[in-house]
Structures are given as C-alpha cells and as structure tokens.
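The values are calculated or read from the model by the stated rules, or taken from the named source; none is laboratory data. Just so you know, these numbers come straight off a predicted model, no measurement behind them. Glycine also receives a Cβ, built like all others from the backbone with ideal geometry; neighbour counts cover every protein chain displayed. Ligands, DNA and RNA are stripped out before the accessible areas are found, and what is left, the full protein with its side chains, is counted by its heavy atoms. Shrake-Rupley method; radii C 1.70, N 1.55, O 1.52, S 1.80 Å.
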Amino acid sequence: MEPTSLITLLPLLWLLRMGLRRPQRPVAAQLLLRGGVLAVAPVTFVSSPVLGFALTPLWLAALWSWPFVLLVTRFARRPWHVYWATLLLWPFELRDSWRAGAAFMTARWLVGRADRAPSDLAYVRAKMGRPKAVEAIGMTAFGLVTAMDGDLATARMLFEALVVETTEGCVEARRTARQFLVLDMLRRGELEDVVLLAESDDPLCRAIAARLSGRTTRRARGRVEQWILGRPDLERIPFDTLAPSKVSEPRLPNDPLDRAVACHAGLLLADTRSARTFYFHRACETWDHVFDVLVPEGAFDARVRELGIDRSAVYALRRRIKADLADVLRAHWVELLPQRGIAAEVREEVAEEIVADVELWAQRLEARVPSTTTGNVYDWIEYRAMRRMYGDAWRIGGPETRAVLYLRVYPCLTNLVARAINDGFDFRLARAATSWMRGEAWAVGHERSFALHTRNSAAAKR
Amino acid sequence: MSERASQAVSPSDPRRNPFFVLGLASQATATEIEREGRKLIAQLEVGSKKASTYSTPWGPMARTVDVVREAMVSLRDPQTRFQHEVLLPKDSAVTAPRDVTPPASFDAFEVLGWNLPR
C-alpha cells in the first residue's frame with residue numbers, strides 16, 4: 001500500500017470511531033475535520049483507483065450526520081402512509097368510505113410514532129371530517145386522533161360505542177377499538193371494567209373478558225391468542241396477576257372507633273373497585289355505630305371538655321366523614337345496597353348531583369349546533385356520556401331516580417334519533433339509541449315510548 | 001422513598017394526618033406541637049435527609065415545609081385537632097386488601113407500541 005493511502009486511512013479510522021461514539025463536538029471542529037477528510041479523498045483515487053473505490057463506503061460513512069444526510073434521513077422518516085394514502089386514493093376522493101379508510105390507516109400508523117407532527121393529525125382530521133355519516137372506520141380514526149391529542153376519556157367513549165353498541169363495521173377498526181379498550185383498562189387498573197367487554201355482542205370481546213377475569217376456556221384462549229397473546233413481547237404483560245380476585249378479608253381492630261377509623265382509611269386508600277365497595281359498606285356501618293351508639297353514650301365528652309371546644313365539633317366530624325364518603329362515591333362507582341343512616345344521606349346527595357348533571361347534559365344537547373365538519377361523531381360521544389351518567393345515577397339513586405331520569409332523557413334522545421336518521425343517515429346510532437330506550441321504557445313503565453318498538457321512524461317523521 | 005410517597009395526596013388522605021406529619025402522639029400538648037414543627041422546618045430548610053420523610057402505617061411519605069406548616073395550622077385549631085385525633089388510627093394493623101393494580105411503571109399502551117401522551 002502506498003504511503004498516501006496509509007496517511008489518509010488514519011484520520012478516516014479516527015472519524016469512524018468518532019461516528020460510532022457520536023460525540024457532541026463543536027460544529028466548526030466537525031466541519032474542519034470532515035472537510036479535511038473530503039479534501040484528501042481524491043488523493044486516494046489518484047494513488048490507487050482500486051483502493052479509492054474500495055474506500056468509498058468509508059468516505060460516505062465520514063459524511064454521516066452531515067447536515068445533508070440528516071435532511072435525507074428526516075425526509076425518510078416522514079409518515080409515508082400519509083403520502084401513499086393521498087397518492088392511491090386521489091381518484092376516490094369523493095367516496096366517503098375510501099377517505100375514511102385513508103384516515104384510519106394513517107391514524108393507526110401514527111399511534112405508534114413518537115415523531116408525529118401536528119400536520120399529520122390535521123391530515124387525518126381533514127380526511128375523516130367530510131363524510132356525513134361517519135362509519136365505524138371514521139369513528140375509529142376520530143377516536144385515535146382524540147387519544148393522540150391526550151383526551152383518552154373521549155376516545156374511550158367512542159371506542160366503547162363501537163364495541164358495545166354496534167356489531168357491524170370494518171373488522172380492523174373494531175379490532176383497534178377492542179385493543180384500545182383493553183389497553184386503557186390495563187393502564188387505569190380498573191379491571192372490573194371487563195364486565196363491559198363481557199356484555200358485548202362481539203365474541204372476541206367476550207373471550208378477552210373471560211381471559212382477564214380468570215375464567216379461561218380453551219376456545220376463548222385460542223381466540224385471545226390470535227389477537228393479543230400472539231405477540232412475541234406480550235410476555236411482559238402480567239395478565240395472570242392482573243386478573244381481579246376476591247378481596248381477602250382484612251383484619252380489623254375490635255374497638256368500634258378504631259374499626260371505623262381503619263375502614264375509613266381503607267376506603268380513602270383503596271385502589272380497586274372491589275376494595276372500595278368492601279370498605280365503603282364497612283365504613284358506613286361502623287360510623288353509624290359510632291354516631292348512633294357511642295356518641296349518645298358520651299364517648300367523646302371527656303376529650304371535648306379537655307380541649308375546651310363546643311360539642312358541635314362531633315357533628316362537624318360527622319359532616320367531614322360524610323363529605324369523604326360522597327367524594328369516593330362521586331369519583332368511583334361503588335355498588336350500593338339498600339342503606340340507612342350515613343350511607344343513605346350520602347347516596348341521596350350524590351344522586352341529586354348526578355341528576356343535575358344529566359339535566360345539564362340535556363340542556364347542552366338541545367342548545368348544540370350540529371357540526372358539519374366532523375359528521376355525527378359527537379352524537380355518539382354525547383350518547384355514550386349520557387348512558388354513563390344515567391347508569392351511575394340510577395345505580396346510586398334507585399328505581400325512582402331511574403324513572404325521573406328516563407322522563408327527562410326521553411325527548412332529548414328522540415330528537416337525537418331523529419337527527420341521526422334525517423341529517424346524519426346514521427342508522428346504527430338510531431338503532432342503538434332506540435333499542436336502549438325500548439329496554440328502559442319497559443323497565444320504568446313508560447308506555448309512550450313502546451311505539452318505538454314497532455315504528456322507530458315515527459320520531460323522524462315529526 | 002417508595003413510589004407512593006412521591007405521588008400527590010389530597011388533604012383528606014389519612015396519610016396526611018398532622019400527627020403523622022409531625023411524628024407526635026395524639027396526646028401531644030400545644031407546646032410540643034410548636035416545638036416539633038419549628039424543629040422540622042429548620043431541619044428541612046438545611047436539607048436534612050432524615051426529616052424529608054415521615055412514616056405512616058401505609059409506608060413512608062414525603063415531608064415538605066409546606067406540609068409541616070399546614071399540619072401545625074390545623075392542630076392549632078382545637079376543633080380541627082379533635083377531628084384529626086379521632087381519625088388517627090391507633091392500631092397500625094390496617095391491612096389493605098391484596099393489591100391487584102399493575103405496578104406504576106407498567107404502561108399497557110407502551111408495551112403494545114402505542115405512543116400516547118401521558
């Protein structure tokens with residue numbers, strides 16, 4: 001080998017080492033080094049063309065992280081699905097389903113990208129927005145964009161609507177919706193929500209519910225494995241430990257006051273719904289015992305006298321406990337049994353609040369101007385939000401609250417159905433809402449809406 | 001410090017009971033409360049590591065100057081003090097049921113490659 005090639009090889013090797021370590025050097029130093037190497041490059045060709053040619057990849061390696069190369073790599077990292085979808089679908093721009101399909105493809109791809117730009121999400125919005133009747137695939141795209149914006153609660157409502165309320169739609173869209181729901185459930189740790197999946201008409205959803213609730217049949221396992229357990233990295237998800245189990249009975253103190261305090265603390269610190277339910281009932285029972293038996297017996301009198309305070313402090317304590325219980329009931333769903341004492345008071349208070357929420361929802365829906373850009377996606381969101389509030393309200397408030405709520409919700413939902421049929425051509429929403437109303441009408445005995453059973457287009461004709 | 005100690009807690013959280021924060025028994029006098037509170041604030045201001053956490057039956061919690069001040073204020077009022085005294089668990093064997101929530105580091109979305117804002 002000639003001396004010139006040897007001389008040029010040394011800085012080259014050093015540069016390669018630098019490139020592997022990716023050191024943060026000043027830009028001027030980098031320019032000097034790389035410029036120098038590039039200037040020496042022709043010398044290698046002059047001395048030996050074979051050697052010069054063989055060393056070409058090394059010269060290119062020296063160019064690595066050069067601004068030009070960076071530009072190229074950044075360009076290569078663009079969301080190509082966006083461009084491909086645009087290129088492939090431009091003849092079908094007038095067809096809603098194709099455009100929604102492009103939106104879904106792009107959204108599904110963007111969900112896994114850390115380097116997505118706001119313009120990418122804007123592309124998806126523009127694609128999914130125009131169709132009048134948003135199909136399952138458009139709804140999924142909308143849900144994914146909402147999730148990427150950080151609003152997981154709204155996305156959850158949309159995906160729930162897709163999975164629980166409807167049985168048809170694009171297979172891939174439904175699969176994405178299921179995947180989101182299960183992952184979100186795992187993230188929140190609210191594994192009791194598997195009930196939601198278990199109620200679904202979708203066999204795959206029921207299979208997942210069975211797997212998560214620990215009642216795995218061989219058939220269910222096969223189906224779940226097709227969907228989620230087939231992934232190589234799924235070993236990292238601790239499915240078995242995540243399965244909800246029965247609450248083990250904690251050892252509580254014998255002293256009534258200590259027991260009440262322990263239950264109260266357990267309720268405020270509980271992480272799961274079953275634990276919350278357990279402690280809620282125990283706390284209510286024990287506080288009732290304290291305030292109905294111990295306080296009249298004068299359990300706190302000595303302490304009150306010693307501190308020199310008013311005896312009303314005892315009732316202030318009861319108010320504070322009631323506020324804590326109401327906070328828990330408001331934030332989380334707790335299964336309530338027929339109650340008396342402090343539990344009944346809390347229940348009444350929270351039920352009134354939720355009824356007021358439903359009332360607000362109805363007013364908002366009446367005042368709402370339908371969106372022309374996003375189709376009827378928001379109708380689905382409103383419908384699911386109402387279902388959630390309604391369910392909470394009547395579980396807490398009992399059958400009377402249910403009847404009152406139904407009377408309030410009925411005209412709004414009828415309007416919603418009429419709009420879904422006439423303006424949005426969304427017969428799935430109309431069908432879902434009417435079938436739910438029919439069930440509720442039978443439950444609360446509302447005769448006027450029985451007509452929906454046979455003539456659900458009557459509302460649309462008005 | 002455990003994961004729980006670093007997370008935000010509401011004022012009604014039993015782990016934030018002022019008696020736990022100051023490390024005192026429910027029979028402590030007003031003088032003892034003042035003395036202990038000032039001592040803790042001074043320790044926290046010079047960055048004492050020992051004073052930066054306090055223990056509760058549910059594990060250690062982070063102690064800051066604000067938390068100590070809040071505890072002192074709430075114990076100065078006899079009515080509030082009475083509430084905290086009553087709600088102070090005497091028996092530390094308050095056992096929570098088996099924890100079935102996934103560990104805090106586990107993010108199902110991340111595992112399946114969904115990149116969503118936290």
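Overview of values
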{"quantity": "Candidates A:E366, A:E382 - the one that is away from every other protein chain (no Cβ under 14 Å), without any contact (Cβ under 8 Å) to a residue 40 or more places away in the chain and part of a helix (DSSP H, G or I)", "calculated": "A:E382"}
{"quantity": "Matching residues in segment B:7-60 - criterion: being free of Cβ contacts under 8 Å to residues at least 12 places away in the same chain, open to solvent by 40 Å² or more (accessible area, probe 1.4 Å) and more than 30 Å from A:L325 (Cα to Cα)", "calculated": "B:T29, B:T31, B:E32, B:R35, B:R38, B:K39, B:A42, B:Q43, B:V46, B:G47, B:K49, B:K50"}
{"quantity": "Test: residue in segment A:281-295 that is crowded, with 17+ Cβ neighbours inside 10 Å and modelled with pLDDT under 85", "calculated": "no"}
{"quantity": "Of all residues making up segment A:433-449, the number that are of a type in the set (A, V, I, L, M) and within 18 Å of A:A418 (Cβ to Cβ)", "calculated": "3"}
{"quantity": "In segment A:258-298, the residues that are within 10 Å of chain B (Cβ to nearest Cβ), out of contact with any Lys or Arg (no Cβ under 7 Å at 6 or more places or on another chain) and of a type in the set (A, V, I, L, M, F, W, C)", "calculated": "A:A260, A:V261, A:A262, A:A265, A:L268, A:L269, A:A275, A:F278, A:V290"}
{"quantity": "In segment A:302-323, the residues that are touching a Lys or Arg at 6+ places or on another chain (Cβ under 8 Å) and not β-branched (V, I, T)", "calculated": "A:L307"}
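Each row is one residue, and each column tells you yes or no for (1) modelled with pLDDT of 80 or more; (2) more than 10 Å from chain A (Cβ to nearest Cβ); (3) open to solvent by less than 30 Å² (accessible area, probe 1.4 Å); (4) within 20 Å of the chain's Cα centre (by Cα).
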{"residue": "B:V68", "(1), (2), (3), (4)": "yes, yes, yes, yes"}
{"residue": "B:A71", "(1), (2), (3), (4)": "yes, yes, yes, yes"}
{"residue": "B:R76", "(1), (2), (3), (4)": "yes, yes, no, yes"}
{"residue": "B:F82", "(1), (2), (3), (4)": "yes, no, yes, yes"}
{"residue": "B:E85", "(1), (2), (3), (4)": "yes, no, yes, yes"}
{"residue": "B:K90", "(1), (2), (3), (4)": "no, no, no, yes"}
{"residue": "B:T101", "(1), (2), (3), (4)": "no, no, no, no"}
{"residue": "B:L112", "(1), (2), (3), (4)": "no, no, yes, no"}
{"residue": "B:N115", "(1), (2), (3), (4)": "yes, no, no, no"}
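Table: residues versus (1) under 22 Å from A:R408 (Cβ atoms); (2) open to solvent by 30 Å² or more (accessible area, probe 1.4 Å); (3) within 14 Å of chain B (Cβ to nearest Cβ); (4) modelled with pLDDT of 90 or more.
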| position | (1), (2), (3), (4) |
| --- | --- |
| A:G308 | no, yes, yes, no |
| A:R311 | no, yes, yes, no |
| A:Y315 | no, yes, yes, no |
| A:R319 | no, yes, yes, yes |
| A:A331 | no, yes, yes, no |
| A:E335 | no, yes, no, no |
| A:E348 | yes, yes, no, no |
| A:I354 | yes, no, no, no |
| A:D357 | yes, yes, no, no |
